[in-house]
Amino acid sequence: MAPKDGQPFRLGILASRNGSNLQAILDRCLSDEISACVSVVISNNSKSGALRRAKDVGIPTFHLSGWTHPEPDRLDGEMARVLQDHGVDLVVLAGYMKKLGPVLLQAYPNRILNVHPALLPAFGGQGMYGMQVHRAVIESGVKVTGVTVHLADSEYDQGLILAQEVISVHPADTPEGLAKRVLKLEHRLLPVVIQRFAAGQFETVH
């Protein structure tokens, strides 16, 4: 999707936890490595670091979850409304731990990115997130792991893969140590893919 004439390319970030990927995106926007701006941040966790980081720099924030909207259909619709009201062009799941609803998916077809801390299609699916992924990688005995940026759809980790980056799994790796190394890859690769969208380089997938 190319930028609209005279308008900034707007990102909507969904995050559940600390928000380090959000911070990486904000830093790249500030340095013009990403030709875009973050227009809104949504979290299902009212105490998430992502909301704090966004508030610290004056970005509108929303806590939307099963607590604020117990009915899934209403939550789905409200999330789509908030993103659209803030003119979002691309939705980025930056450590967002919930499945997306049909209203949001229909509102942003092929315009929702997710980053996963493994080389999909391996080590993906429901329940495979965070440290569970890195434990499974080490226990499997594979020699490499990495990160995947893909389009999000109605199933966990099943969307079209757009980019991957690989690192070696060392014999002495622990899940915690591996997680730190993989997170650095996330911080590097996710902004690169976002910039490709902002520059209109993924036009063919819409």
Practice problem: Out of the residues in the range 22-43 that are assigned to a loop (DSSP other than H, G, I, E, B) and small (Gly, Ala, Ser), state the one that is surrounded by the most Cβ atoms within 10 Å (Cβ to Cβ). | Solution: ALA36
Exercise. Specify which of the listed residues (VAL115, VAL133) is farther than 22 Å from CYS29 by Cα, crowded, with 20+ Cβ neighbours inside 10 Å and in contact with a helix residue (DSSP H, G or I) (Cβ under 9 Å, 6 or more places away or on another chain).
Key: VAL133
Quiz item: Taking GLY95, is it under 18 Å from ILE13 (Cα atoms) and in a loop (DSSP other than H, G, I, E, B)?
Solution: yes
Quiz prompt | Identity of the residue in the range 44-89, outside any helix (DSSP H, G or I) and touching a residue at least 40 places away in the same chain (Cβ under 8 Å), that ends up surrounded by the fewest Cβ atoms within 10 Å (Cβ to Cβ) | solution = GLY87
Exercise. Go through (1) within 13 Å of the chain's Cα centre (by Cα); (2) over 16 Å from GLY130 (Cα atoms); (3) of a type outside the set (D, E, K, R) and name the single condition HIS187 misses.
Key: (2)
Quiz prompt | Selection count, the range 136-156, where residues are closer than 14 Å to THR174 by Cβ, crowded, with 16+ Cβ neighbours inside 10 Å and without any contact (Cβ under 8 Å) to a residue 40 or more places away in the chain | solution = 2
Self-check item: Scan of the range 157-167 for residues that are touching a Ser or Thr at 6+ places or on another chain (Cβ under 9 Å) and either buried (at least 16 other Cβ atoms within 10 Å of the Cβ) or farther than 16 Å from MET128 by Cβ (or both), ordered by number
Solution: ASP157, LEU162, ALA163, GLN164, GLU165, VAL166, ILE167
Quiz prompt | Output for the range 130-159, where each listed residue is among the hydroxyl-bearing types (Ser, Thr, Tyr) and closer than 22 Å to MET79 by Cα | solution = SER154, TYR156
Quiz item: When GLY12 is evaluated against the numbered criteria (1) assigned to a strand (DSSP E or B); (2) surrounded by fewer than 17 Cβ atoms within 10 Å (Cβ to Cβ), which criterion, by number, is the only one it fails?
Solution: (2)
Quiz item: What pairs can you find where one residue is in the range 101-120 and free of Cβ contacts under 8 Å to residues at least 40 places away in the same chain, the other is among the acidic types (Asp, Glu), and their Cβ atoms are less than 6 Å apart, with a gap of 6+ or different chains?
Solution: GLY101/ASP76; VAL103/ASP76; LEU104/ASP76
Practice problem: Could you check how many residues of the range 144-170 are part of a loop (DSSP other than H, G, I, E, B) and of a type in the set (A, V, I, L, M, F, W, C)? | Solution: 3
Exercise. Within the range 168-189, track down each residue that is under 12 Å from GLY146 (Cα atoms) and either among the hydroxyl-bearing types (Ser, Thr, Tyr) or surrounded by fewer than 12 Cβ atoms within 10 Å (Cβ to Cβ) (or both).
Key: SER168, LYS180
Quiz item: If you go through the range 192-206, how many residues are buried (at least 18 other Cβ atoms within 10 Å of the Cβ) and closer than 19 Å to LEU119 by Cβ?
Solution: 1
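No value in this document is a laboratory result; all are computed from the given coordinates. Here the structure is a predicted model, which means the values were calculated and not measured. Please note: Cβ atoms are built from the backbone with ideal geometry, for glycine as well, and neighbour counts cover all protein chains shown.
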